[in-house]
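*Asks:* Take this structure first; my questions come after.
The values are calculated or read from the model by the stated rules, or taken from the named source; none is laboratory data. Since the structure is predicted, the reported quantities are computational estimates derived from the model, not experimental observations. When we count neighbours, we look across all protein chains shown, and the Cβ atoms used for this are built from the backbone with ideal geometry, even at glycine. Side chains included, ligands, DNA and RNA excluded: accessible areas come from the protein's heavy atoms. Shrake-Rupley method; radii C 1.70, N 1.55, O 1.52, S 1.80 Å.
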Amino acid sequence: MRRVILIVIDSAGVGAMEDAPEYSDALTCNTLANTAKIEGGLNLPVMQKMGLGNIIPIEGVALEEIPTGSFGKMREKSKGKDTTTGHWEIAGLILNNPFKTYPDGFPQELIEEFITKTNCGGILGNIPASGTEIINNLGEEHIKTGFPIVYTSADSVFQIAVHIEVTPLETLYQWCEVARELLDEKYNVSRVIARPFEGTAGSFKRISKNRHDYSLMPPSDTMLNLIEKDGKEVFGVGKIEDIFVKSGVTRAVHISCNKEGLEYTLDAIKNSQSSLIFTNLVDTDMLYGHRRDASGYKNALEEIDSYLEKITGAMKEDDLLIITADHGCDPTANGSDHTREYVPVLVYGKNNTPCNLGVRNCFCDISATVLKYLGINGELEGMAFEGIAF
């Protein structure tokens, strides 16, 4: 039985797209290359052998004369540079109208309706902010008042932060569901994110394992739905289930860190019959890209690479491994936002002949490849896919 293991290294871009300035990004943005440069090189022996260094020059990642995998990079066709947009396009859904952002905070009428429907009494914040900074700045006031901290970013997100000793998780999740319902009506916000935290003033810490994303429902089928309709299993690791609002995801597990996600992925390869094992590894983006921590980004990449030898060793003869990203988040760039970049694509299988995939014109080539490899017929609405040779 053929299987596909699809690993998204969140934000691992490989160079600014031509339209990056339209997204307020410099043409010098390059998440992997700039991280390598500032950190004195990256040690990624498995991805190097697959051909990562053949895609673009990356200090410490040599060009391979005979790579073990196929290699290339992909251009994003959708309008945006966020997690939902990138993952939806990977799964075969192009977003022509970008999600709306709120650089000046959310409209007062929305905030008032949120307060009324949640009965939370009031809110703090309502500004674009770094998640760690805003809980440090407003955490004590939240503890005193019980009011949730509401904030956004350069992405299309409505984030709600609460201390778990002040507001129970169940209440936080209920408030997020209220916000999601309100935002569905006319505000076109991609995600509502529950951001619980713990600790005391000066040492507040977000609790990754209890984070929940409440995304807009995909407007049409993705490859996940086609796989499910064919009677096969889609196993989502990490925030995959949240990104697709469970649509087409037949089994899922949430994770607290990349290492846990890699362990679940490895276990699924060894023991499950899932036709698609779809993993998002978010630490690169959430913990290091947004916080502009190049050293942490380097370490996270090297941790992922250290698992790939185990993953490829556990793969069966007919398994196909695809490694890619959903956008960039250059830790050397100004600000704390994602960056509009090409993403890498590495394809490995024990029976596949490696080749140079060049520059693909759409992330949708991934979905076309997955469906073809799994022998699933059917088209996704309004799309034409090239697919990657294997």
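*Asks:* Quick test of your reading of the structure: VAL245 fulfils all but one of (1) within 30 Å of ILE135 (Cα to Cα); (2) in a helix (DSSP H, G or I). Name the failing condition by number.
*Replies:* Failing condition for VAL245: (2).
*Asks:* Have a look at ALA325, ALA300, ALA294, ALA333 and point out the one that is under 21 Å from PHE363 (Cα atoms) and of a type in the set (A, V, I, L, M). Before the answer, list the steps.
*Replies:* Values: ALA300 fails: under 21 Å from PHE363 (Cα atoms); ALA294 fails: under 21 Å from PHE363 (Cα atoms); ALA333 fails: under 21 Å from PHE363 (Cα atoms).
Among ALA325, ALA300, ALA294, ALA333, only ALA325 is under 21 Å from PHE363 (Cα atoms) and of a type in the set (A, V, I, L, M).
*Asks:* Could you tell me whether SER256 is of a type in the set (S, T, N, Q), in a helix (DSSP H, G or I) and more than 23 Å from ASN225 (Cβ to Cβ)? Talk me through it step by step, then tell me what you get.
*Replies:* Values: of a type in the set (S, T, N, Q): yes; in a helix (DSSP H, G or I): no; more than 23 Å from ASN225 (Cβ to Cβ): yes.
The answer is no for SER256.
*Asks:* Could you give me the residue pairs with C-beta distances under 6 Å whose first residue belongs to segment 303-329 and is free of Cβ contacts under 8 Å to residues at least 40 places away in the same chain and at positive phi, whose second residue is open to solvent by 60 Å² or more (accessible area, probe 1.4 Å) and among the basic types (Lys, Arg) wherever it lies, and which are 6+ apart or on separate chains?
*Replies:* Matching pairs, first to second residue: none at all.
*Asks:* Among the residues of segment 290-322 satisfying the criterion of being crowded, with 19+ Cβ neighbours inside 10 Å and either of a type in the set (Ser, Thr, Tyr) or modelled with pLDDT under 95 (or both), which is farthest from the chain's Cα centre (by Cα)?
*Replies:* Within segment 290-322, the match that is farthest from the chain's Cα centre (by Cα) is THR312.
*Asks:* Something else about it: Return the pairs, sorted by first residue and then second, in which the second residue is surrounded by fewer than 15 Cβ atoms within 10 Å (Cβ to Cβ), the first residue lies in segment 99-123 and is within 19 Å of SER215 (Cα to Cα), the beta carbons are less than 7 Å apart, and the residues are 6+ apart or on different chains.
*Replies:* Note: pairs meeting the criteria are PHE99/ASN188; LYS100/ASN188.
*Asks:* Then there is this: Taking the conditions exactly as written (closer than 24 Å to ASN280 by Cα and over 22 Å from the mean Cα position of the chain (by Cα)), does ASN43 satisfy them or not?
*Replies:* Details: closer than 24 Å to ASN280 by Cα: yes; over 22 Å from the mean Cα position of the chain (by Cα): yes.
Considered against the rule, which asks whether it is closer than 24 Å to ASN280 by Cα and over 22 Å from the mean Cα position of the chain (by Cα), ASN43 comes out as yes.
*Asks:* Turning to a different aspect of this structure: Could you pull out the residue among ALA20, ALA16, ALA12, ALA36 that is more than 26 Å from LYS259 (Cα to Cα), open to solvent by less than 10 Å² (accessible area, probe 1.4 Å) and touching a Leu at 6+ places or on another chain (Cβ under 9 Å)?
*Replies:* Numbers: ALA16 fails: open to solvent by less than 10 Å² (accessible area, probe 1.4 Å); ALA12 fails: more than 26 Å from LYS259 (Cα to Cα); ALA36 fails: more than 26 Å from LYS259 (Cα to Cα).
None of the other options fit; the residue is ALA20.
*Asks:* Go through ASN351, ASN356 for me and flag whichever is surrounded by fewer than 24 Cβ atoms within 10 Å (Cβ to Cβ), without any contact (Cβ under 8 Å) to a residue 60 or more places away in the chain and either in contact with a strand residue (DSSP E or B) (Cβ under 8 Å, 6 or more places away or on another chain) or closer than 24 Å to ILE66 by Cβ (or both). Explain how you work it out, then say what you get.
*Replies:* On the way: ASN356 fails: without any contact (Cβ under 8 Å) to a residue 60 or more places away in the chain.
Result of the check over ASN351, ASN356: ASN351.
*Asks:* Let me ask something else. Can you name the residue in segment 336-390 that is among the hydroxyl-bearing types (Ser, Thr, Tyr) and not in a helix (DSSP H, G or I) and, of all such residues, is modelled with the lowest pLDDT? Can you show your working first?
*Replies:* Going through segment 336-390, the residues among the hydroxyl-bearing types (Ser, Thr, Tyr) turn out to be 336, 339, 342, 348, 353, 367, 369, 373.
Checking which are not in a helix (DSSP H, G or I) leaves us with 336, 339, 342, 348, 353.
Numbers: SER336: 86, THR339: 97, TYR342: 98, TYR348: 97, THR353: 90.
This residue is SER336.
*Asks:* Something else: So, in segment 260-282, exactly how many residues are in contact (Cβ under 8 Å) with a residue 60 or more places away in the chain, in contact with a Gly (Cβ under 8 Å, 6 or more places away or on another chain) and in a helix (DSSP H, G or I)?
*Replies:* 0
*Asks:* Considering only segment 202-224, how many residues are of a type in the set (S, T, N, Q) and surrounded by 21 or more Cβ atoms within 10 Å (Cβ to Cβ)? Even if it seems obvious, please write down each step before you answer.
*Replies:* From segment 202-224, those of a type in the set (S, T, N, Q) are 203, 208, 210, 215, 220, 222; that's our starting set.
From what is left, the residues that are surrounded by 21 or more Cβ atoms within 10 Å (Cβ to Cβ) are 215, 222.
The qualifying residues number 2.
*Asks:* Answer yes or no as to whether ALA325 is of a type outside the set (D, E, K, R), within 17 Å of LYS239 (Cα to Cα) and either open to solvent by 20 Å² or more (accessible area, probe 1.4 Å) or within 19 Å of the chain's Cα centre (by Cα) (or both). Spell out the reasoning first.
*Replies:* Numbers: of a type outside the set (D, E, K, R): yes; within 17 Å of LYS239 (Cα to Cα): yes; either open to solvent by 20 Å² or more (accessible area, probe 1.4 Å) or within 19 Å of the chain's Cα centre (by Cα) (or both): yes.
So ALA325 fits the description; yes.
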